[in-house]
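To start, the structure itself, in structure tokens.
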Amino acid sequence: MSFPKAPIRRFNEAPTCAPPPGSYDIKTSDPSKGPVSFEKSQRFKMQMADVGVQPNPSNMKPMPSPATTRKLPSLGSRPHSTGIKSDKDLTAIKESKKQKELEKEIRILIGERGQQGKRLQVLEEDLIKSESKLSAAVREKNTLLANVASLEKQLLELRKSNDLLKTKCFEDGTQKKMHSLYLELMKLRNKMNSKKMDPIKKEDMEIQLNVIQGTVDEKVAHPEELTETEKPIEGKYDSEKLLEYIVELGNVAEQVDDKYKLHIVKLEEIIESKNKDIETLESTLRLKETMVSTQTEELNQKCKILEEQKEKCFREYGEKEQVMTAEIQSLKEKLSTEEQEHQKQKKIIKDASADMHQKLLKFQEEVAKEREILETELKEAMNELDKLHTKEAKVEKLLKHLEQDNESQTGELSQLEAKLQRKSAELEEMAESHKSTIEKLQGEHSKLQCKLGETTTEFETYKVCMAEEITCLKQDKATLQDKLTEMSRTVQHVTHAVQEEQHAKDQAKEDYMRMLLETQTKIALKDAEIERIKESSIMQIANLQAKLEEQSEELNKKLEIERKTITEKIGVDYKENIKTWRVLYEDLYNKVKPFQQQLDAYEAERNVLLNEHGATQEELNKISDAYAKLLGHQNQKQKIKHVMKLKEENTQLKQEVLKLRVQVAKEKQARGELQDQINEIQGIRRFDPSKAFQHSNKENVGPKTPFKESNENKNQAVLC
């Protein structure tokens, strides 16, 4: 029997079939992508790759029917087709493994790049910290220099005040008073010498009076001779004259005794006043000595305190220098180590990039996935560029701030110079006032000298008068001898007392002079020590300043060189990256352009829907207001209030629902963006809208051209 021809459709189908169920994995779709996220499985991708290699259906041999395959198992057609499919599956699995390995390598490289960026940020932060520490050290140095300058000024002021006190104590007060006391003592000595000479003159007068009295007694004893030689009238006349002269001499002697007594009382008063003056001067000298000693002690204490402060400042400065040098060395070591690591990583990245370039030439179909990853890297690079620009702006601001600090320091220096000028003017005013006081004291001294001259003239006139009186008293009686002896004794006692007082005063003066010399020598030695300390401190400060300036200049130069090298390296790397990213971005932009219109249309539809939602919400509010009013007119007041409260609560709840919906939409958008970024990083592609509605790669599609007659005849022959 012969079977009729049956042009059945199923025998003329194309050989494109799905792979067997055990050769692929079923993937669960993510719920976050929404209901329209079409993710093709691995088997469809394999079939899409195979479609490009398939020959034309017109040149293909017809597939055998299922009947022939059942009847003719010995022909070997089925094993051959299964072997081809297994080979294709193996190649697809290998390619997928290679793709996964490449994706892992790309992720590792991206992670290493992120770590390098973090390290660079840490290095930049360390540099900023070191710069801040340097600026703080420079500020502390300036403050220490200012403190040293202020302490030096205080030392100068204290020295000037000490000199003024010395000059006031020794030149104005003590020396002038000592000179005046010396003059007064000399005058008293002259007076005492003159008084010592008075009793000698009186003794001569007494001798002469005794001689005259002897002659008178002889003449009185021998009146016969007188009568013989002279007339009796002349003898009476001479005796009367002599009696009158003796009476006059007695009166004169009494007057002279009264004058001597008054003069002695005056001299005793003068001596007492001078003793009081000497005691007051000694007390003032003691007070001034105590003042000078206390001031010298204070100055010594201040000098010691200043020396301790200087030592502390030098110690702190040395410690800070050591700390800063240690930190700078550690930073340099860190920079060197990190540069070495960076270079090693660069070499590793270069080797990996070379390998990747070779692999990318082999696998051109995976460029789209890598481009998406590179877009994210481009964005990161742009962000890093923005960060660098912001850092450059910060550096410029810091430079401006440093310039402002320098200007403020110059202003402070000008203010300090003005203060110095004021202090110098004040010192000049003090000097002028001191000069005026000296001139006043000199005028008073001249006045005192004039008064002393007047007293000396008066004393000389008094001496002349006394000499005349003594010449007159040569002819006194013997009655004055007792009084004169008593006066001589009293004068001797007074002279002895005056000599003792003078000896005590001389001893006190010598002691005082010794003390003055000792204090002057001590002050001179202390001044010399202070000057030596000042010179040594100035030299040390100058050396330290020079060292600090040299170190700061060297550090600034090194930092500038390191910054320039780092900026040049980063600039070159970024320029190369920017060029590559630009090319990739242009390619992506050209590919994304056709889908921009669809996105704009979606946004417009969304806005229209939102506007419609707002209009419906307003209508609902109006209807609810009208309903509440109607209820209020029909029912009681309490019901009206209750309904109004319900209405307000309803509106509040609606507003809260709207806010929550907006927040939910925002969170969904953020989640979708994050998921897109994760997919881009992982290399997972979403549904490509450019391939929508293109069913050329689908299963169970009929051939575009029917079988030829030759093929049909062959099939019939096989069936027979």
Scan the range 559-576 residue by residue and report those that are within 32 Å of the chain's Cα centre (by Cα) and loosely packed, with under 11 Cβ neighbours inside 10 Å. GLU560, ILE561, LYS564, GLU568
Determine, yes or no, whether GLN492 is out of contact with any Lys or Arg (no Cβ under 6 Å at 6 or more places or on another chain), modelled with pLDDT of 70 or more, surrounded by 14 or more Cβ atoms within 10 Å (Cβ to Cβ) and among the polar types (S, T, N, Q). no
Just to be sure before I move on: is TYR585 aromatic (Phe, Trp, Tyr), over 44 Å from the mean Cα position of the chain (by Cα) and loosely packed, with under 11 Cβ neighbours inside 10 Å in the structure I sent? no
Do we have any residue at all in the range 681-689 that's surrounded by 13 or more Cβ atoms within 10 Å (Cβ to Cβ) and modelled with pLDDT of 75 or more? no
Does LEU378 satisfy the condition of being hydrophobic (A, V, I, L, M, F, W, C) and at pLDDT below 75? yes
Long-range neighbours under 9 Å by Cβ, at least six apart or interchain, first residue surrounded by 11 or more Cβ atoms within 10 Å (Cβ to Cβ) and in a helix (DSSP H, G or I) within the range 451-466, second of a type in the set (A, V, I, L, M) and modelled with pLDDT of 70 or more: LEU452/LEU183
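If I filter the range 280-304 down to residues being surrounded by fewer than 16 Cβ atoms within 10 Å (Cβ to Cβ) and touching a Leu at 6+ places or on another chain (Cβ under 9 Å), which single residue comes out as modelled with the lowest pLDDT?
In this case the residue turns out to be LYS302.
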Name the pairs whose Cβ atoms lie under 7 Å apart, with the first residue in the range 305-333 and basic (Lys, Arg), the second surrounded by 15 or more Cβ atoms within 10 Å (Cβ to Cβ), and 6 or more positions between them or separate chains? LYS310/SER537; LYS320/ALA137
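Yes or no: LYS526 basic (Lys, Arg) and at pLDDT 80 or above?
Criteria not met by LYS526.
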Looking at the range 401-427, which of its residues are at pLDDT 75 or above and farther than 23 Å from LEU144 by Cβ? GLN421, ARG422, ALA425, GLU426
Report, by residue number, each residue of the range 266-322 that is over 30 Å from MET539 (Cα atoms) and of a type in the set (S, T, N, Q). SER273, ASN275, THR280, SER283, THR284, THR290, SER293, THR294
Is there any pair linking a residue in the range 290-301 that is under 18 Å from LEU151 (Cα atoms) and without any contact (Cβ under 8 Å) to a residue 60 or more places away in the chain to one that is assigned to a helix (DSSP H, G or I) and of a type outside the set (Asp, Glu), with Cβ under 9 Å and at least six apart or on different chains, and which? GLU298/LEU158
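Residues are listed down the side, and each one gets a yes or a no for (1) assigned to a helix (DSSP H, G or I); (2) under 30 Å from VAL138 (Cα atoms); (3) of a type outside the set (Phe, Trp, Tyr):
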site: VAL498; (1), (2), (3): yes, no, yes
site: LYS505; (1), (2), (3): yes, no, yes
site: MET513; (1), (2), (3): yes, no, yes
site: GLU535; (1), (2), (3): yes, yes, yes
site: GLU549; (1), (2), (3): yes, yes, yes
site: GLU553; (1), (2), (3): yes, yes, yes
site: ASN556; (1), (2), (3): yes, yes, yes
site: TRP581; (1), (2), (3): yes, no, no
site: TYR585; (1), (2), (3): yes, no, no
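The values are calculated or read from the model by the stated rules, or taken from the named source; none is laboratory data. Because the structure is a prediction, the values reported are computed rather than measured. No Cβ is skipped: glycine too gets one built from the backbone with ideal geometry, and neighbour counts run over all protein chains shown.
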